[in-house]
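The values are calculated or read from the model by the stated rules, or taken from the named source; none is laboratory data. Because the structure is predicted, anything quoted here is derived from the model rather than measured. Here the Cβ positions follow ideal geometry from the backbone for every residue, glycine too, while neighbour counts run over all protein chains shown.
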Amino acid sequence: MSSPRIVPLEQYAHAPLLALISVCLMLQSLSTDMYTASFPGLAEAFSVSAATVQLTLSTFVIGYGLAQFVVGPLSDRFGRRPVLHGGLLVYALASLVCTFAPSMAILVAARFFQALGCSAVIIIGRATIRDAYAPEHAMQITARASMWLSFTPILSPILGAYLEAFFGWKGSFAFHSFFSLSLLLVVFFRLPETNQYKDPHATNVRGLIRNYRHIMGSRAFWAYAILGGLSYGAIFAYISGASMVLINVLETPVTWFGYCFSFGTFGFLLGTIFCRQMLRKIGVGRTLRFSSRFFIFFSCIFNILVFIGLWHWSILVIAMFTTMFQHGIHSPTSHAGTITPFPEQAGTAAGLNGALSMLFALCIGTLVGFTYNGTLYPIAILTFVNSAMIFICARIFPELAAPRKAKS
């Protein structure tokens, strides 16, 4: 039996909301996945270490996380459109600076500003779901948008690998500029304002404190936010470390890397499809418990194979696939679960949740950079630790069920 058609609220029926939201959400994956094939090339071009190249990713994560504390309240006060337009413009300009950066220091600084713009786009995309669709459909819509989004991490590493092969590390950043400017043009004409609860006090100190206390006082928010942060941290181990391991340790050709990474991220697409079906059939709690069992089982298998010395590119790709699969389930449920209870603070809730996810990603990305030793041991151990924490999280938080509206 086919799933029922879910449509936006009547006042937004004229706009292609789901398509525009999905494209907006693609920007984060494009920013982190596309240029990973260039990590070895960046190290060679600027004569720096792998840990230094890692700063281009870690700095992006820091900027992305910090911006969310500001972007969410701004969109709650002034509306989604002006913040989205400003974010895309900042992102496009920063991408141009990245393209022509003469030094690693300037590239790292430009990545920080690129992250600020990207943060605005992602936050607005998630908040728009809460604005424009009925609360009971939030998880289904987020999963549907994530399904379309999942094509980005599948295709962008392939495109990034070829851009690296033909144009060097500058190619990916030039593509970022073109993509963001094109998206700015489309959303300017096609995406309506969806914030019907503009809060004039959202950016005041007292208003910020009130909203953050309201959100952070919700146990359901923390349950979903921690689950989502752990899940994103798990995939970030591969986003930040897969290229070094596949290219330098397992000696995979650069052009092959894109296909290896894309096959791994294909798991995210299947995870989102699985998520949509299972949410309808067995509900949130049972879906999350199944996913956590799946992840810890395969992470144990991965560690066993690594520690008995079975090192092959296919083993790492399969581990990446299973990690991305669990994220395809946990990501949409986490985003919807943290925002749905807060219709009047959707932007602030989305920003706080995003900042927490970036904190997890920063910790994992930093560990990957500093523990890289030319072996598979660090990434295998980090995968297991993440899977164990997700397994525990899915069982100790009774709030991981259909989210309810928070009390005002």
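Among residues of region 192-236 being small (Gly, Ala, Ser) and modelled with pLDDT of 85 or more, the one that is surrounded by the most Cβ atoms within 10 Å (Cβ to Cβ) is SER231. Return the only residue of THR333, THR366 being in a helix (DSSP H, G or I), surrounded by fewer than 24 Cβ atoms within 10 Å (Cβ to Cβ) and either at pLDDT below 85 or in contact with a Pro (Cβ under 8 Å, 6 or more places away or on another chain) (or both). On inspection, the qualifying residue turns out to be THR366.
Among helices (runs of 4 or more DSSP H) entirely within region 146-247, having at least 3 residues that are touching an Asp or Glu at 6+ places or on another chain (Cβ under 6 Å) and within 28 Å of PHE360 (Cα to Cα) singles out 151-167, 219-243. Restricted to helices (runs of 4 or more DSSP H) entirely inside region 31-102, those with at least 2 residues that are farther than 30 Å from GLY258 by Cα and β-branched (Val, Ile, Thr) are 50-78.
Whether any residue in region 202-218 is within 24 Å of the chain's Cα centre (by Cα) and basic (Lys, Arg) is what I want to check. No, the conditions are met nowhere in region 202-218.
Looking only at region 346-383, residues that are under 23 Å from ILE296 (Cβ atoms) and within 20 Å of the chain's Cα centre (by Cα) come to 13 in all.
Quick grid of which residues meet (1) touching a Leu at 6+ places or on another chain (Cβ under 9 Å); (2) under 25 Å from GLN54 (Cβ atoms):
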residue: PHE100; (1), (2): no, yes
residue: ILE106; (1), (2): no, yes
residue: VAL121; (1), (2): yes, yes
residue: ILE124; (1), (2): yes, no
residue: ARG144; (1), (2): yes, no
residue: SER156; (1), (2): yes, yes
residue: PHE175; (1), (2): yes, yes
residue: PHE179; (1), (2): yes, yes
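Of the residues making up region 40-98, those that are within 28 Å of TYR372 (Cα to Cα), among the small types (Gly, Ala, Ser) and either at pLDDT below 85 or touching a Cys at 6+ places or on another chain (Cβ under 7 Å) (or both) are SER49, ALA50, ALA51, SER58, GLY65.
Looking at THR142, THR128, just one residue is in contact with a His (Cβ under 8 Å, 6 or more places away or on another chain), buried (at least 23 other Cβ atoms within 10 Å of the Cβ), of a type in the set (Ser, Thr, Tyr) and closer than 20 Å to ALA355 by Cβ, and that residue is THR142. Screening region 80-111 for residues that are in contact with a Phe, Trp or Tyr (Cβ under 7 Å, 6 or more places away or on another chain) and closer than 16 Å to TYR35 by Cα and picking the one that is surrounded by the most Cβ atoms within 10 Å (Cβ to Cβ) gives ARG111. Within region 339-351, restricting attention to residues that are more than 12 Å from TYR224 (Cα to Cα) and not small (Gly, Ala, Ser), the residue that is modelled with the highest pLDDT is PHE342. Condition check for THR375 on (1) closer than 15 Å to TYR238 by Cα; (2) in contact with a Pro (Cβ under 9 Å, 6 or more places away or on another chain); (3) not in a helix (DSSP H, G or I): one failure, at (2).
Per-residue answers, yes or no, for (1) over 17 Å from the mean Cα position of the chain (by Cα); (2) more than 21 Å from MET147 (Cα to Cα):
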site: GLU251; (1), (2): yes, yes
site: PHE261; (1), (2): no, no
site: LEU269; (1), (2): no, no
site: ARG276; (1), (2): yes, no
site: ARG289; (1), (2): yes, no
site: CYS300; (1), (2): yes, yes
site: LEU305; (1), (2): yes, yes
site: ALA319; (1), (2): yes, no
site: SER331; (1), (2): no, no
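Between ARG286, ARG219, the distinction of being at negative phi and free of Cβ contacts under 8 Å to residues at least 60 places away in the same chain belongs to ARG286 only.
No other residue among ILE296, ILE308, ILE304 is surrounded by fewer than 24 Cβ atoms within 10 Å (Cβ to Cβ), in contact (Cβ under 8 Å) with a residue 40 or more places away in the chain and among the hydrophobic types (A, V, I, L, M, F, W, C) apart from ILE296.
Based on this model, can you work out whether ARG289 counts as touching a Ser or Thr at 6+ places or on another chain (Cβ under 7 Å) and of a type in the set (Lys, Arg)? Spelling it out, it is not the case that ARG289 is touching a Ser or Thr at 6+ places or on another chain (Cβ under 7 Å) and of a type in the set (Lys, Arg).
Inside region 44-54, residues that are out of contact with any Phe, Trp or Tyr (no Cβ under 6 Å at 6 or more places or on another chain) and surrounded by 20 or more Cβ atoms within 10 Å (Cβ to Cβ) make up a count of 1.
Taking the listed residues ALA50, ALA37, ALA67, the one that is in contact (Cβ under 8 Å) with a residue 40 or more places away in the chain, among the small types (Gly, Ala, Ser) and under 30 Å from PHE342 (Cα atoms) is ALA67, with no other qualifying.
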